[in-house]
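In what follows, a structure is listed as structure tokens, so that the remarks can point back to it.
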């Protein structure tokens, strides 16, 4: 069954690559085409636009290929879900035992978050940035190897750790969507780019994603602290993984506050999103950098 | 236009209508909480203000404004973020090492190859102990102050805003707000508002018809509606929860105790110490491994005595600590102990204990334990080959003793003794009884941990309230036109709550449907 799980991961990787290609293609076509005229927001206080003036949700860009792209992504999500479920059945625990499991789960989180936001806000352009990250993680997972080792004593807290990791991957996935939206915002001039959603919309999507991710991230850190308290008698020990997650949390906390501070909303706030996602990746890969200092396996020795 | 009794959202906007002054989430009345007041009655115009002496009150005022400023909070968060980044990227000296100048100097030398000439600077900046540095703590204190000040500042604002819902915007608000719609309804304004109230209540809004408006305003009757009005307190709960977590951490660090090197040889009763009056006895220790050699289980069968009376017995594993009376025991490490009995020339028992071999020699080939006999001014190092190592000089069933007189750095004698054979070295007779296992535990009492959990609960609950139960308000005005027709004007703010828009649209659609079924007016349409 482990083999089947791995085949699913491989299939998902290929599907993501196809989805990415279709995104790029659709974008190239759209870029050349003219946009259907839209009512331009007129004046109004603080850029707020009256209901009647506000253009309806941006219509899905082109039917055909773009729709295939969406379905490719959803299919990839289905394969990844299957992969994780099969693996969970075999190992008897959530995907938290090693880098492979967590990388696949992280990839799942990104694809799931992207699928959700794409469905909700019809912003395919996000895929240009999100899909490569997800694909990259899956490729990384394959290089790490899918070996399933039994759990060392410190990790034998199935329920707590499964919840901890499940929340983490959703949070990380949403953070990656926020990063993609923020990056597109940053490359947009104030009036927007023709082939991209309007900057305000990108800004809003990024915020929506953080609004989902930040509370989860808070829970992730607290559950991690609970686990540390149970396993080692300390809820916080300034371990690099902990401090990295604290850094991540602070950056997104700063982002949420920056949005209500004059001079910070807009570009500066979106730069914080870039920094935040760098911190997320750093927290994820931190185990590798700091492997010699502290590893979460085989503690009681 | 009629004057409103209470300040209203639109009237508080600066003339430019840039809409950037809000403090609370979606709070239109941000800045007016503490508008700077003129310091003195100015008899002369401008220059007077500049030359006014700065008093204690001004300083306090300045401090207050500094701490309630969102910018201050943001900068403090970012500074903390930078410090945690530094603390993550740079190697951190272990805490116990930083209190020992000599050991710390040694540690500095060990990182010198990595940081080169920067070592000195990083050390002076306290970056090798970032999280215990005075400026990390100082920033935390500033942030805490800022959070408390902001909360004190905002609680009355929230109470005003959510507790006195009759705040009624001027008519202009209905022509300018971020979200607005106009719905033609039947002829009677009161009926129209009642319909709006009913529809809104059906959508779980609280709807309050503004009584004073009907008579006072030429333009019509007004209604106020809101939902999740307790959610803004979530923000306060979250922020104060964070402060409570910090308080808990402070309590953890300043009270209680933590012993990470507690050793209990199997079969022997050991005093827990730290004023607990507890004794611990390990009845057994088991370590199990998977086929690939990875550890599978560490389990200590522990019995706990309180002043000699058994109070608890539990198998303690890595994720299953034993807790009694606020003291917890966590499985941490294990190893071999040598049971050694020492008697003097008169056959008095000097020591009868299992010496835990909890250190490794530098080459990793030997496990070493220490037996201190203070009265005899003697220290003995007990040496065995480390697990998996072979030393031809120390056979199975043997142990090597290195006996030191106090203060001496060269051993008085080094001798290998065999199990069960009393051997006299330097006047004392040593008997190696048997090898035993010991279990290594972390023993801790942490009164702060409950505050940390309580604060965490507040933090999480508050954050979820704020983000998932957004406090939303809208105003409805019933206007009577020149020909006697009535229109309902809906208005709400859009700022920073763009997700309100779809819900607002839905409300408008519902209201249109309700209006259409209750009257026979012409097809309705939202317009500007």
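Data overview
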| read-out | value |
| --- | --- |
| Which listed residue is surrounded by 15 or more Cβ atoms within 10 Å (Cβ to Cβ), more than 10 Å from every other protein chain (Cβ to nearest Cβ) and closer than 30 Å to residue B:402 by Cα, from B:435, B:512 | B:435 |
| Total residues in segment B:133-146, condition out of contact with any helix residue (DSSP H, G or I) (no Cβ under 7 Å at 6 or more places or on another chain) and either within 14 Å of another protein chain (Cβ to nearest Cβ) or outside any helix (DSSP H, G or I) (or both) | 2 |
| Count - residues of segment B:258-304 that are within 14 Å of chain A (Cβ to nearest Cβ), loosely packed, with under 14 Cβ neighbours inside 10 Å and within 34 Å of the chain's Cα centre (by Cα) | 1 |
| From the options B:91, B:96, residue that is in contact with a helix residue (DSSP H, G or I) (Cβ under 6 Å, 6 or more places away or on another chain) and more than 28 Å from residue A:257 (Cα to Cα) | B:91 |
| Residue within segment B:410-422 that is under 48 Å from the mean Cα position of the chain (by Cα) and not in a strand (DSSP E or B) present | no |
| Count of residues meeting criterion [more than 13 Å from chain A (Cβ to nearest Cβ) and under 13 Å from the mean Cα position of the chain (by Cα)] in segment B:235-257 | 3 |
| Restricting segment B:479-494 to residues that are under 18 Å from residue B:505 (Cα atoms) and buried (at least 24 other Cβ atoms within 10 Å of the Cβ), the residue that is farthest from the other protein chains (Cβ to nearest Cβ) | B:488 |
| Any hit, segment A:133-147, residues being touching a residue at least 60 places away in the same chain (Cβ under 8 Å) and under 13 Å from the mean Cα position of the chain (by Cα) | yes |
| Count - residues of segment A:225-239 that are in contact (Cβ under 8 Å) with a residue 24 or more places away in the chain and surrounded by fewer than 22 Cβ atoms within 10 Å (Cβ to Cβ) | 4 |
| Only one of A:90, A:130 that is surrounded by 23 or more Cβ atoms within 10 Å (Cβ to Cβ), in contact (Cβ under 8 Å) with a residue 40 or more places away in the chain and in contact with a helix residue (DSSP H, G or I) (Cβ under 7 Å, 6 or more places away or on another chain) | A:130 |
| Among the candidates A:233, A:253, A:263, residue that is over 30 Å from residue B:320 (Cβ atoms), over 24 Å from the mean Cα position of the chain (by Cα) and within 13 Å of chain B (Cβ to nearest Cβ) | A:263 |
| Residue that is surrounded by 13 or more Cβ atoms within 10 Å (Cβ to Cβ), outside any loop (DSSP other than H, G, I, E, B), in contact with a helix residue (DSSP H, G or I) (Cβ under 8 Å, 6 or more places away or on another chain) and at pLDDT below 80, where the choices are A:27, A:15 | A:27 |
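Yes/no per residue for (1) farther than 26 Å from residue B:386 by Cα; (2) surrounded by fewer than 16 Cβ atoms within 10 Å (Cβ to Cβ); (3) in contact with a strand residue (DSSP E or B) (Cβ under 8 Å, 6 or more places away or on another chain):
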| position | (1), (2), (3) |
| --- | --- |
| B:317 | no, no, yes |
| B:333 | no, no, yes |
| B:337 | no, no, yes |
| B:340 | no, no, yes |
| B:346 | yes, yes, no |
| B:356 | no, no, yes |
| B:360 | no, yes, yes |
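The values are calculated or read from the model by the stated rules, or taken from the named source; none is laboratory data. Note that the coordinates shown come from a computational prediction; the quantities given were computed from them, not determined experimentally. Cβ: placed from backbone, ideal geometry, glycine included. Neighbour counts: every protein chain shown.
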